[in-house]
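Handing you a structure now.
The values are calculated or read from the model by the stated rules, or taken from the named source; none is laboratory data. Since this is a predicted model, take the numbers as computed values, not measurements. All accessible areas refer to the heavy atoms of the entire protein, side chains included, with ligands and DNA or RNA removed. Shrake-Rupley method; radii C 1.70, N 1.55, O 1.52, S 1.80 Å.
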Amino acid sequence: MNTEQAPGGTPTADTPRWSKGCSIAVFVLLGLTGLGAWGLAELEKGLDGYGQLEQGGPAGSVADPLGPGATARYEDGLKVTVSRPRPEPDGTYGLTVTYDNGTDGTVRPIGDSPGTGVSEYGPAPLVVRAGRSLDDHSSGVTPSWLNSEEVAAALVPPLGPDRRRTVPVRIKPNGEGVTVTVEVAPPTASFRETAYFQLTLD
């Protein structure tokens, strides 16, 4: 006759093996779901070409331009920010354009040629022109881009991954309340949308 007994106060209930197995299965399923969602997002980006703008708020399109201080965000990780224009004592206005390369490769902000990389009329990878984004041309007051050659020279060198470059833009209007549009379309081997910024020189 077996007279052995479990010591008093010692728990005898074991965690069932099926409970541990279910916990592991749930974690694996959650991991696979997350991986699948990431894969679908990457596939969608790949089909778009990575050159699409992905914005919250204004789209950055010609019909829905970004405002001063806003950032155009591309699916491939490139970001471009145009600052708010500030008046200078000599009657000119200054603003900055910043390229932040969050892509996996090198970006050439305006391509290889400073002569065709910037323009006051368009088209070019960087355009600073008079008028609203939907205007084909200005019908009246026209600002002059005073340092376009210097900006072009600063933007020709390649911009490596995780690097940032800011260039100052100087504009001289011949009136008050002038609206200026900045168009940004960094070249790429496939496709990149043009981002539009609409600014007012008060």
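On the protein heavy atoms, probe 1.4 angstrom, tell me the percent of accessible surface of segment 83-140 carried by carbon and sulfur.
Exposed carbon and sulfur together represent 48 percent of the surface.
Quick check: with the 1.4 Å probe, what order do SER23, SER83, SER133, SER190 take by accessible area, largest first?
Greatest to least solvent exposure: SER190, SER23, SER83, SER133.
Keeping every protein chain present and rolling a 1.4 Å probe, give me the accessible area per residue for segment 43-202 in Å².
Here the per-residue accessible area is 50 Å².
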